[in-house]
Amino acid sequence: MESLLDFEECVMKLCSKMVEAGQAYSSANQLFLSGLAELSMYQKKDSVITNCLNQFNQGLQEMVSFHTMLFDQTQRAISHQLTNLCTQFLPPLAETRKEFLRIGEDLETAAVKNAQVSRHKAGDAERASHLLLATRKCYQHFALDYCLQLNTFRAQQKVFSFVHAQFTFFHQGFDLLRDLEPTMKTMAAQLSQLSADCAAERKDLENKHLLVQQRDASGEPMVSPCPGSDDIIQGYLFKRSRRKSKTWKRCWFSIRDNQLIYRKSHKEEAVVLFEDLRLCAVKSLEHIDRRFCFELLSVQKCCALQADSEQLKQVWLSALQGSIDLAYRERAGAPLAQPKEPPLPCAALGVALRGPGNQRCCDCGEEEPRWASINLGVTMCIECSGIHRSLGVHLSKVRSLTLDSWEAEQLKLLCVLGNDVMNRIYEARCSDEGRVKPSANSSR
């Protein structure tokens, strides 16, 4: 914004110089055309305006010798417009932006204070929650006002009046500027459409402002499903560090493609926290001092997260559990009916082998596997079961399908997941990394 203001002031000075320096009109006009070429750099996203400015510049370069005194028209078309833009629109826009950034910092501070309040200090917790709610409302209102002023400022950035004044005044250069006329018509249509879009967007922002006020009055949460986006849900959560310091940092989280993704700031790339939610479990955390916490666990790691309120915590718990359930349904199809009582060992073998790919060992492909991992949901031969046992029960819990007893939920996991599904997950990058899957004849 500051660079645009500086450049517009530079263009006004060049224009005034052209008006005042009658004897040196040709050289001043050349500088002014150079200024217009630089101005077009700010309109790179709008090809119509950029092309129009470029063609107009080229035409004037050829007809410098035919120019007459146009100082009064040029001053009205350029200086007055830019002066009006700099004096009436830029100062309030800069002030609104300053307030918007300030209230954003206040919201971040209020969120951190609200998260740090102990669950045992009810009074402090209530005051912190009220402060966070009030700051969030103020932030939303300033955001809407800032967007409205940005759109109003954009609608005022037009040079069509200057182009039109030059085109009509330079009758002697009509033949040379004939090729510019279609571009000018296109630009006029675009400016007319821009004005219509600005009016429609203003009305839409007013409606959104009203909806925000109604939502504030009803107490609806800020985190909600995202229609039109690949994200199931997104919003801010506090994430506890896995280091010894156990610090908490506020990050932006989202659920997409059966993955939990987060980013520490808008400048950083998104990081996948959990690659496959089917391998995770989610539960509420009630044994720690901080409020509104829950935990996501997988075979390899766990992560503690914290929402801004109990309502947002329940929304995230429901979204995570729903994503896990949906992933199971999409992969496994219709669920198999399971017995209510724990099946006999021989019956457990028959049920377990129904899963996709469970008729062969998940690791070496040996037929008729008689062992299984109850936490990974795969079947294996006796040789591979020994290798799994050597990894430790924190990675794989091995149990016999013929000798041990099995619960219905454990068998359901074997049927829903199975060797095919789990191998597609854990062996997805084997071929890219040049790794070879062992066979039944491979040495241990």
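Details
- Of the candidates Ser442, Ser405, Ser396, Ser431, the single residue that is surrounded by 15 or more Cβ atoms within 10 Å (Cβ to Cβ), of a type outside the set (D, E, K, R) and in a loop (DSSP other than H, G, I, E, B) is Ser396.
- One residue alone among Glu268, Glu295 is acidic (Asp, Glu) and either surrounded by 12 or more Cβ atoms within 10 Å (Cβ to Cβ) or part of a strand (DSSP E or B) (or both), and that residue is Glu295.
- Any hit, region 230-244, residues being under 27 Å from Arg424 (Cα atoms), small (Gly, Ala, Ser) and within 20 Å of the chain's Cα centre (by Cα): no
- Cys280 falls short on exactly one of the conditions (1) surrounded by 13 or more Cβ atoms within 10 Å (Cβ to Cβ); (2) modelled with pLDDT of 85 or more, and that condition is (2).
- Residues of region 233-262 satisfying the condition of being basic (Lys, Arg) and either in a strand (DSSP E or B) or more than 21 Å from Leu279 (Cα to Cα) (or both): Lys239, Arg240, Arg243, Lys244, Lys246, Lys249, Arg250, Arg256
- Every residue from region 408-428 that is among the hydrophobic types (A, V, I, L, M, F, W, C) and either touching a residue at least 24 places away in the same chain (Cβ under 8 Å) or outside any loop (DSSP other than H, G, I, E, B) (or both): Ala408, Leu411, Leu413, Leu414, Cys415, Val416, Leu417, Val421, Met422, Ile425
- Scanning region 368-393 for residues that are surrounded by fewer than 19 Cβ atoms within 10 Å (Cβ to Cβ) and touching a residue at least 60 places away in the same chain (Cβ under 8 Å) gives Asn375, Glu383.
- Filter result for the condition that a residue is within 27 Å of the chain's Cα centre (by Cα) and either modelled with pLDDT under 85 or not assigned by TED's automatic domain parsing to the domain that holds Cys15 (or both), over Gln166, Gln149, Gln157, Gln172: Gln149
- Scanning region 86-135 for residues that are within 30 Å of Leu150 (Cα to Cα) and among the charged types (D, E, K, R) returns Glu95, Arg97, Lys98, Glu99, Arg102, Glu105, Asp106, Glu108.
- Any hit, region 252-264, residues being among the basic types (Lys, Arg), outside the structural domain of Leu413 (by TED's automatic domain parsing) and touching a residue at least 60 places away in the same chain (Cβ under 8 Å): no
- Scope region 253-294; condition among the β-branched types (Val, Ile, Thr) and under 18 Å from Ile232 (Cα atoms); matching residues: Ile255, Ile261, Val271, Val272, Val282
- Gly386 vs. criteria modelled with pLDDT of 85 or more and at positive phi: no
Listed here are the residues, each with its yes/no results for (1) closer than 19 Å to Leu194 by Cα; (2) modelled with pLDDT under 70; (3) not β-branched (Val, Ile, Thr).
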{"residue": "Gln30", "(1), (2), (3)": "no, no, yes"}
{"residue": "Thr50", "(1), (2), (3)": "yes, no, no"}
{"residue": "Phe56", "(1), (2), (3)": "no, no, yes"}
{"residue": "Leu60", "(1), (2), (3)": "no, no, yes"}
{"residue": "Ser65", "(1), (2), (3)": "no, yes, yes"}
{"residue": "Asp72", "(1), (2), (3)": "no, no, yes"}
{"residue": "Ser79", "(1), (2), (3)": "no, yes, yes"}
{"residue": "Asn84", "(1), (2), (3)": "no, no, yes"}
{"residue": "Gln88", "(1), (2), (3)": "no, no, yes"}
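- Residues located in region 299-324, provided they are modelled with pLDDT under 75 and either part of a helix (DSSP H, G or I) or not aliphatic (A, V, I, L, M) (or both): Gln300
- The residues of region 110-132 that are part of a helix (DSSP H, G or I) and in contact (Cβ under 8 Å) with a residue 24 or more places away in the chain, listed by number, are Ala110, Ala111, Val112, Asn114, Ala115, Gln116, Ala125, Ser129, Leu132.
- In region 300-316, the qualifying residues are those that are hydrophobic (A, V, I, L, M, F, W, C) and crowded, with 16+ Cβ neighbours inside 10 Å, and the one that is farthest from Leu391 (Cα to Cα) is Leu312.
The values are calculated or read from the model by the stated rules, or taken from the named source; none is laboratory data. Bear in mind that the values here come from a model prediction, so they are computed numbers and not experimental data. When we count neighbours, we look across all protein chains shown, and the Cβ atoms used for this are built from the backbone with ideal geometry, even at glycine.
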